[in-house]
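Written below as structure tokens is the structure these notes are about.
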Amino acid sequence: MIKIDCHSHTIASDGALTPEALVAMAEKMQLTHLAVTDHDTMASVAKATQAAIGTGVTVIPGVEISVTWLGRTIHVLGLNVDIHNAELLEGLRGLLKVRGDRAVKIAEGLEKVGVKQPLEHVKTFAKGELISRTHFAQVLIEQGFANNVKQVFKRYLVNKKPGAVEGDWAPLADAVSWITAAGGDAVIAHPARYKLTRTKLIQLIGDFKNAGGVGLEVVSSSHSSNEIHIFADLAVKQEMFASRGSDYHGLEGQWAKLGHIADLPKKCVPIWSKWGLETTPV
Ligand code: AMP
Ligand code: MN
Ligand code: MN
Ligand code: MN
């Protein structure tokens, strides 16, 4: 029987674990399959794949792409992608530049409220090539502006707060087409997180499917059991494949354990059935 988690992060983006440590954690949790899906980079995938040799874990190459859709930030997972695909790599390179420019603006905002040298400090927390808001959160905690990551986001990094800067991410259709070009499957990540009205959600799914997107992350650590049922129904109605991922970051205080999330409801067609994996509940 397979045990699969299709959403996880490493130090290449805002996770706490190296790819090697993440694979060791997957082995400890007795997972058979783990998708490594860092924000806007695939830098850890080859290392994770290498580390998994000789373990019971198979690494599924992936990425979580930041998208701007109608002024909102949406995350699109690319699962089972070819990490050497030029089109996908080029697209991600563009997002790296967006992140660099955004980091400068976030730092300016934070400096105004007394954070000391945010840009210099954030680079000590970012272990990979990209800077995430989670890294800024760590700077603010270090300098005593808040006690935990959640608190920092609320007070400094969202809405109209001093370090809130909207990223100008990839257009939805571009992100989906890079993933498809790389032979992967595009999946809307944690759909409940966007707080969309039903109408907007259906519109998002319509645009996503028109671009070639095929899946919905039905089970996520950010979904309540009620939300899991809502999105399972929606996936069935919209004839989309369903995915299941913990969104594990390995950060202290994170509630979700790797692989420790609900099973996909039985009515769903798992995205991994497309990859020839068994589809009995995991
Ligand atoms: P970024 O892609 O750099 O804008 O950062 C987004 C990341 O910040 C998400 O993937 C989460 O890991 C984290 N994040 C977003 N909102 C919150 C929050 N309210 N509390 C804690 N972490 C958050
Ligand atoms: Mn994250
Ligand atoms: Mn996400
Ligand atoms: Mn994620």
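For segment 139-226, what are the per-bin percents of Cα-Cα distances with bins 10 Å wide, up to the bin holding the maximum?
Each 10 Å bin holds this share of Cα pairs: 15, 32, 31, 20, 3.
Charges on Cβ only, +1 for Lys and Arg, -1 for Asp and Glu, centred on the Cα centroid of the chain; of Val214, Leu264, Thr58, which one is farthest towards the dipole's positive end?
My answer, from the dipole projection, is Leu264.
Between Lys257 and Lys161, what is the label-to-label distance in nm when each label sits 7 Å out along the Cα-to-Cβ direction?
Between Lys257 and Lys161, the label points sit 3.0 nm apart.
Normalising by the residue count of segment 129-207, find the relative contact order in percent from Cα pairs under 8 Å and 6+ residues apart.
So the answer I get is 14 percent.
What FRET efficiency would be calculated for the residue pair Ser224, Lys112, taking the C-beta separation as r and a Förster radius of 30 Å, to the nearest 0.05?
After rounding to 0.05, the efficiency reads 0.20.
Distances longer than 29 Å among the Cα atoms of the chain: what percent of all pairs is that?
Values: 11916 of 39621 pairs.
Within the chain, distances greater than 29 Å cover 30 percent of Cα pairs.
Looking at the chain only, what percent of DSSP beta bridges run antiparallel? Nearest 5 please.
Just about 40 percent of them are antiparallel.
Let me know the charge dipole size of segment 96-157 about its Cα centre in debye, to the nearest 20, where only the beta-carbon of Lys, Arg (+1) and Asp, Glu (-1) is charged.
Rounded to the nearest 20 debye, it is 240 debye.
Express the relative contact order of segment 96-157 as a whole percentage, based on alpha carbon pairs under 8 Å and six or more residues apart in sequence.
Numbers: 50 pairs, mean separation 16.9, N = 62.
Relative contact order for segment 96-157 comes out at 27 percent.
In angstroms, what radius of gyration and Dmax does segment 96-157 have, counting Cα atoms only?
Over segment 96-157's Cα set, Rg and Dmax evaluate to 10.5, 30 Å.
What 222 nm value per residue comes from the helices of the chain, counting each DSSP H run with n ≥ 4 as -39,500 (n - 2.57) and dividing by all residues, nearest 500 deg cm²/dmol?
Values: 9 runs with 104 residues, N = 282.
Calculated from helices alone, the mean residue ellipticity at 222 nm is -11500 deg cm²/dmol.
Points 7 angstrom from Cα along the Cβ direction at Glu129 and Arg72: gap in nanometres?
3.1 nm
Let me make sure I get this right: for segment 213-258, a, b and c are the square roots of the gyration tensor eigenvalues over alpha carbons, sorted descending. Under 1.5 in a/c it's rounded, otherwise prolate if a/b > b/c, else oblate. Which is it?
Values: a/c = 4.50, a/b = 2.05, b/c = 2.19.
Since a/c reaches 1.5 but b/c is at least a/b, the shape of segment 213-258 is classed as oblate.
Between His84 and Tyr194, what FRET efficiency follows from the Cβ-Cβ distance if R0 is 35 Å, with the result rounded to 0.05? Write down the numbers at each step before the final one.
Numbers: r = 31 Å, r/R0 = 0.89.
So, using R0 = 35 Å, E works out to roughly 0.65.
Whole Å is fine, so just give me how far the alpha carbon centre of segment 226-249 lies from that of segment 3-30.
Segment 226-249 and segment 3-30 have Cα centres separated by 21 Å.
Pick from Val165, Val98, Val113: which residue has the top mean-square fluctuation in a GNM of the chain where Cα pairs under 10 Å get a spring?
Per the Cα network of the chain with a 10 Å cutoff, Val113 tops the list.
Using a simple charge model, +1 on the beta-carbon of Lys and Arg, -1 on the beta-carbon of Asp and Glu, nothing else, what dipole does the chain show about its Cα centre, in debye to the nearest 20?
880 debye
Tell me the label-point distance for the pair Lys266, Glu120, using the 7 Å Cα-to-Cβ offset, in nm and rounded to one decimal.
6.2 nm
Return a whole-number percent for the relative contact order of the chain, with Cα pairs under 8 Å and 6 or more residues apart as the contact set.
Relative contact order comes out at 21 percent.
Kirkwood hydrodynamic radius of segment 1-156 from all distinct Cα pairs, in Å?
Averaging 1/r across every pair of different Cα atoms and inverting gives 16.6 Å.
Which of the aspartates and glutamates could a cross-linker span from Lys116 if the Cα-Cα distance has to be under 16 Å and same-chain partners fewer than 8 positions apart are dropped?
Glu108, Glu142
Please give the per residue accessible area of the chain, computed with a probe of 1.4 Å over protein heavy atoms only, in Å². Before the final figure, lay out each step's value.
On the way: 12560 Å² over 282 residues.
Accessible surface, normalised per residue, equals 45 Å².
For segment 181-260, which chymotrypsin sites (Phe, Trp or Tyr not before Pro) are in a loop by DSSP, counting at most 11 other Cβ atoms within 10 Å?
Trp255
Scan segment 77-141 for trypsin sites (Lys or Arg not before Pro) in coil per DSSP, keeping those whose Cβ has at most 16 other Cβ atoms within 10 Å, and list them by number.
Lys116, Lys127
Which of the pairs Lys112/Lys160; Lys237/Lys266; Lys195/Lys257; Lys3/Lys28; Lys154/Lys195 have their Cα atoms more than 18 Å apart in this structure? Don't jump to the answer; show the numbers that get you there.
On the way: Lys112/Lys160 14 Å; Lys237/Lys266 14 Å; Lys195/Lys257 24 Å; Lys3/Lys28 12 Å; Lys154/Lys195 16 Å.
Those over the limit are Lys195/Lys257.
Where in segment 114-153 does the label zone of Lys97 land, with the point 7 angstrom along Cα→C-beta and an amide N cut-off under 17 Å?
130-131
The values are calculated or read from the model by the stated rules, or taken from the named source; none is laboratory data. Everything numeric here is computed off the predicted structure, so don't read it as measured data. No Cβ is skipped: glycine too gets one built from the backbone with ideal geometry, and neighbour counts run over all protein chains shown. Calculation scope for accessible area: heavy atoms of the full protein, side chains included, ligands and nucleic acids excluded. Shrake-Rupley method; radii C 1.70, N 1.55, O 1.52, S 1.80 Å.
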